[in-house]
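Down below is the structure, laid out as structure tokens.
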Amino acid sequence: MEVITQTSILKEQVQTFRCNGQQIGFVPTMGALHEGHLQLLRASKKENDITICSIFVNPTQFNNPDDYKLYPRTLEQDTALLERVGCDLLFAPNAEEVYPQQSLLQFSFGKLEAVMEGEHRPGHFNGVATVVSKLFHIVQPHKAYFGQKDLQQVAIIRQLVYGLSFDLQLVCYPTVREESGLAMSSRNKRLTAQQREQAAHLYKSLQLAQELLRKQPVFVIKDEVKAYLHQVEGINLEYFEIADALTLQPVEHLEPGSGKEVALCMAAHVGEVRLIDNLLVNL
Ligand code: AMP
């Protein structure tokens with residue numbers, strides 16, 4: 001696998017792939033790779049001639065400096081994993097390479113960023129949109145792979161692709177979980193064994209909400225989830241929302257049998273570590 005750290009060199013390489021008529025699949029990541037990432041890479045391998053992975057811990061999408069500082073960085077291990085899944089090229093730039101000057105761009109995604117992650121992490125999606133736009137321009141993929149784990153991010157990037165007419169196809173894959181149900185996440189590397197057990201209750205509470213969906217009104221389900229997580233030591237719930245799966249706007253009334261899809265979404269702190277998870281349910 002070729003490892004490139006410079007934008008200009010990557011652009012040349014991409015030009016060669018494109019001139020050869022090769023189809024490029026792209027998996028953008030922040031590294032500390034796990035099975036959730038590898039699933040996306042394997043899918044890209046299957047569906048494209050060339051698979052490019054990027055590893056870049058993007059400073060502009062962190063609203064909490066400690067979260068940025070403590071984000072796991074395991075480049076050597078990641079490179080070995082990428083070799084093993086047959087990734088063709090790793091783009092691993094540093095911050096100066098991606099941001100030679102401070103970016104002043106401001107994106108607006110309207111209502112889509114006024115809820116959940118957008119509401120609780122000011123500036124987060126602006127940073128995501130900035131870096132993903134840059135990466136799409138540099139890598140020029142035919143297909144780009146993202147995980148449902150970051151459901152709102154997928155909706156934002158869909159808007160970005162539509163709004164800026166990026167000529168590529170977005171592909172979304174379901175959340176990969178540990179046996180305990182805990183959604184795989186690079187941030188899990190920061191959890192102690194005990195915290196991992198506590199964190200598994202996040203998924204259990206989503207399952208509880210799913211069970212209650214057809215029986216209880218929204219406010220009762222929210223209370224039940226809050227009460228469930230309140231009794232788990234070490235968990236501090238930031239939000240739990242029942243949202244329309246397409247618009248991600250809060251749903252006030254559930255209509256069982258309507259065939260509508262809702263997203264059960266949450267963010268919580270387990271000790272110092274902030275985790276998110278979601279579950280899509282067809283009513
Ligand atoms: P990250 O490195 O956390 O920025 O994630 C890179 C990509 O992998 C994003 O599209 C994530 O949504 C996706 N991803 C992260 N965790 C998982 C998971 N557990 N299952 C599926 N996709 C994931």
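The values are calculated or read from the model by the stated rules, or taken from the named source; none is laboratory data. Everything numeric here is computed off the predicted structure, so don't read it as measured data. Quick reminder, even Gly has a Cβ in these numbers, built from the backbone with ideal geometry, and neighbours come from all protein chains shown. For accessibility, only protein heavy atoms count, side chains too; no ligands or nucleic acids. Shrake-Rupley method; radii C 1.70, N 1.55, O 1.52, S 1.80 Å.
Evaluate segment 190-205: report whether one residue or more is farther than 19 Å from F240 by Cα, touching a residue at least 40 places away in the same chain (Cβ under 8 Å) and under 19 Å from the mean Cα position of the chain (by Cα). Quick ask: steps written out before the conclusion?
Applying the first criterion (farther than 19 Å from F240 by Cα) to segment 190-205 yields 190-197.
Narrowing the set further to residues that are touching a residue at least 40 places away in the same chain (Cβ under 8 Å) leaves 190-192, 194-195.
Adding the requirement that they be under 19 Å from the mean Cα position of the chain (by Cα) leaves 190-191.
Yes - at least one qualifying residue is present in segment 190-205.
For segment 26-55, what are the residues that are surrounded by fewer than 21 Cβ atoms within 10 Å (Cβ to Cβ) and more than 9 Å from the ligand (Cβ to nearest atom)?
Result: L38, R42, A43, K45, K46, E47, N48, D49.
If we scan segment 32-42, do we find a residue that is at positive phi, within 14 Å of the chain's Cα centre (by Cα) and part of a loop (DSSP other than H, G, I, E, B)? Write out each step before concluding.
Start the filter on segment 32-42 by keeping residues that are at positive phi, which leaves 32.
Add one more test, that the residue is within 14 Å of the chain's Cα centre (by Cα), and what stays is 32.
Okay, now just the ones that are also part of a loop (DSSP other than H, G, I, E, B), so 32.
So far as segment 32-42 goes, yes, one or more of its residues are at positive phi, within 14 Å of the chain's Cα centre (by Cα) and part of a loop (DSSP other than H, G, I, E, B).
So that you can scan it fast, the table gives a plain yes or no per residue for (1) touching a Leu at 6+ places or on another chain (Cβ under 8 Å); (2) away from the ligand (no atom under 11 Å from the Cβ); (3) among the basic types (K, R); (4) at pLDDT 95 or above:
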position: R158; (1), (2), (3), (4): yes, yes, yes, yes
position: G163; (1), (2), (3), (4): no, yes, no, yes
position: E179; (1), (2), (3), (4): no, yes, no, yes
position: L182; (1), (2), (3), (4): yes, no, no, yes
position: T192; (1), (2), (3), (4): no, yes, no, yes
position: R196; (1), (2), (3), (4): yes, yes, yes, yes
position: A199; (1), (2), (3), (4): yes, yes, no, yes
position: K204; (1), (2), (3), (4): no, yes, yes, yes
position: Q207; (1), (2), (3), (4): yes, yes, no, yes
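Of the numbered conditions (1) exposed (fewer than 11 other Cβ atoms within 10 Å of the Cβ); (2) part of a helix (DSSP H, G or I), G127 fails exactly one; give the number of that condition.
(1)
Give me the residue from segment 179-195 that is among the small types (G, A, S) and buried (at least 19 other Cβ atoms within 10 Å of the Cβ) and, out of that set, nearest to N278 (Cα to Cα).
Pass one, segment 179-195, residues among the small types (G, A, S): 180-181, 183, 185-186, 193.
After this cut, where a residue has to be buried (at least 19 other Cβ atoms within 10 Å of the Cβ) as well, the list is 183, 185-186.
Numbers: A183: 9, S185: 13, S186: 16 Å.
Applying the filter and picking the extreme gives A183.
Let me spell it out: the conditions are (1) in a helix (DSSP H, G or I); (2) within 16 Å of the ligand (Cβ to nearest atom); (3) touching a residue at least 60 places away in the same chain (Cβ under 8 Å), and V171 meets all of them except one. Which number is the exception?
Status for V171: all satisfied but (1).
Give me the pairs, please: first residue somewhere in segment 16-39 and of a type in the set (D, E, K, R), second residue anywhere and surrounded by 14 or more Cβ atoms within 10 Å (Cβ to Cβ), beta-carbon distance under 8 Å, and either six or more positions apart or on two chains.
What qualifies is R18/I24; R18/Q140; E35/V176; E35/M184.
Name the single residue, out of those in segment 149-168 being aliphatic (A, V, I, L, M) and either within 19 Å of S108 (Cβ to Cβ) or not in a loop (DSSP other than H, G, I, E, B) (or both), that is most open to solvent (accessible area, probe 1.4 Å). Show your work before the answer.
Start the filter on segment 149-168 by keeping residues that are aliphatic (A, V, I, L, M), which leaves 151, 154-157, 160-161, 164, 168.
Narrowing the set further to residues that are either within 19 Å of S108 (Cβ to Cβ) or not in a loop (DSSP other than H, G, I, E, B) (or both) leaves 151, 154-157, 160-161, 164.
Working: L151: 27, V154: 11, A155: 15, I156: 1, I157: 2, L160: 5, V161: 19, L164: 94 Å².
The extreme case among them is L164.
In segment 56-85, what residues are charged (D, E, K, R), farther than 17 Å from V3 by Cβ and within 13 Å of the ligand (Cβ to nearest atom)? It would help to see each step written out before you state the result.
First, pick out the residues of segment 56-85 that are charged (D, E, K, R): 66-67, 69, 73, 76, 78, 83-84.
In the following step, the residues that additionally are farther than 17 Å from V3 by Cβ were identified as 66-67, 69.
The one that is charged (D, E, K, R), farther than 17 Å from V3 by Cβ and within 13 Å of the ligand (Cβ to nearest atom): D67.
All but one of (1) touching a residue at least 60 places away in the same chain (Cβ under 8 Å); (2) closer than 18 Å to A144 by Cα; (3) open to solvent by less than 40 Å² (accessible area, probe 1.4 Å) hold for V98; which doesn't?
(2)
Within segment 199-222, is there a residue that is open to solvent by less than 90 Å² (accessible area, probe 1.4 Å), within 15 Å of D277 (Cβ to Cβ) and part of a strand (DSSP E or B)? Let's see the steps before the verdict.
In the first step, residues of segment 199-222 are kept if they are open to solvent by less than 90 Å² (accessible area, probe 1.4 Å); the result is 199-210, 212-213, 216-218, 220-222.
Those left that are additionally within 15 Å of D277 (Cβ to Cβ): 199-210.
After this cut, where a residue has to be part of a strand (DSSP E or B) as well, the list is none.
There is no residue in segment 199-222 that is open to solvent by less than 90 Å² (accessible area, probe 1.4 Å), within 15 Å of D277 (Cβ to Cβ) and part of a strand (DSSP E or B).
With respect to the numbered conditions (1) more than 16 Å from the ligand (Cβ to nearest atom); (2) among the aromatic types (F, W, Y); (3) under 19 Å from P28 (Cα atoms), which one is the sole condition not fulfilled by F107?
The number of the failed condition is (3).
Inside segment 66-106, can you point out the residues that are of a type outside the set (F, W, Y) and under 23 Å from I156 (Cα atoms)? Before the answer, list the steps.
Of all residues in segment 66-106, those of a type outside the set (F, W, Y) come to 66-67, 69-70, 72-90, 92-98, 100-106.
Correct list: D67, A95, V98, Q102, S103, L104, L105, Q106.
Out of the residues in segment 103-122 meeting the condition of being in contact with a Phe, Trp or Tyr (Cβ under 9 Å, 6 or more places away or on another chain) and not hydrophobic (A, V, I, L, M, F, W, C), tell me which one is most open to solvent (accessible area, probe 1.4 Å).
Checked segment 103-122; the qualifying residue most open to solvent (accessible area, probe 1.4 Å) is E119.
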